[in-house]
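**Q** Okay, handing you the structure first.
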């Protein structure tokens, strides 16, 4: 009986939190306007949003929560040290050709050894960074790699916190995840 009460309380708390987020989204329409993000030698808004997302405060709260960070794309050592503390809360799908580059292969193996779930897909071209519980989504050409985040090339994307879009991106991620093969460490 006590366990049932605890489960009901937990479910109610989750519903309250979801209602709070929905109410906040409805009250603040400006908040739902998508933002253009880019990485270039002059402007690095793509990297700034990612830095804001994985700053120490976020990493600390993520270690204590059940938030998950989902990522599709190439990955190298650029953010490895920042993401290692929350590796157990990260799911990565990378293109199989990522393994052709030594620094990418090494980074994927290291984050995997630290607890991230890493999979490979031969047809992956999508670039998505998603934290559903934070209402955070970036879809674009940018990777979590030195060239992109350092402004060494031109990448662009859209940042959104629109709940329906985030849900669609998560569904897409899960479909590709289910078709992917685990990284062999």
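**Q** Rounded to the nearest 0.05, what FRET efficiency do residue 52 and residue 141 have when you use their Cβ-Cβ distance and R0 = 22 Å? Before the final figure, lay out each step's value.
**A** Details: r = 20 Å, r/R0 = 0.90.
The computed FRET efficiency comes out at 0.65.
**Q** Going by average Cβ neighbours within 10 Å, how do the peptides 7-17, 116-126, 170-180 rank, with the highest at the top?
**A** On the way: 7-17: 10.1, 116-126: 16.8, 170-180: 14.4.
Per-residue Cβ counts within 10 Å, averaged per peptide and sorted highest first, yield 116-126, 170-180, 7-17.
**Q** Here's something else I'd like to know. Of all DSSP beta bridges located in the chain, what percent are antiparallel, nearest 5?
**A** 65 percent
**Q** Next question, about the same structure. If packing is taken as the average number of other Cβ atoms within 10 Å across a peptide's residues, how do 95-105, 131-141, 156-166 rank, most packed first?
**A** Values: 95-105: 15.2, 131-141: 19.1, 156-166: 16.7.
The peptides rank, most packed first, as 131-141, 156-166, 95-105.
**Q** Continuing with the same structure: Fewest Cβ neighbours within 10 Å first, please rank 33, 86 accordingly.
**A** Details: 33 10, 86 22.
With the fewest neighbours first, 33, 86 line up as 33, 86.
**Q** On to the next question. For region 130-185, calculate the relative contact order in percent as a whole number, restricting contacts to Cα pairs under 8 Å that are 6 or more residues apart.
**A** Normalised by residue count, the contact order of region 130-185 is 35 percent.
**Q** By its C-alpha gyration tensor, with a ≥ b ≥ c as the square roots of the eigenvalues, how is region 94-185 shaped: rounded for a/c under 1.5, else prolate for a/b larger than b/c, else oblate?
**A** On the way: a/c = 1.82, a/b = 1.24, b/c = 1.47.
Verdict is oblate for region 94-185.
**Q** Pop the C-beta distance of residue 23 and residue 158 into the FRET formula with R0 = 35 Å and round what comes out to the nearest 0.05. Each step should come with its number before you reach the end.
**A** Details: r = 24 Å, r/R0 = 0.69.
It comes to 0.90.
**Q** Now a separate question. Can you tell me, using C-alpha contacts under 8 Å and at least 6 residues apart, the relative contact order of region 62-185 as a whole percent?
**A** On the way: 233 pairs, mean separation 34.9, N = 124.
Relative contact order of region 62-185: 28 percent.
The numbers here are math on the coordinates, done by the rules we state, and not lab data. These figures come from a predicted structure and were not determined experimentally. Cβ: placed from backbone, ideal geometry, glycine included. Neighbour counts: every protein chain shown.
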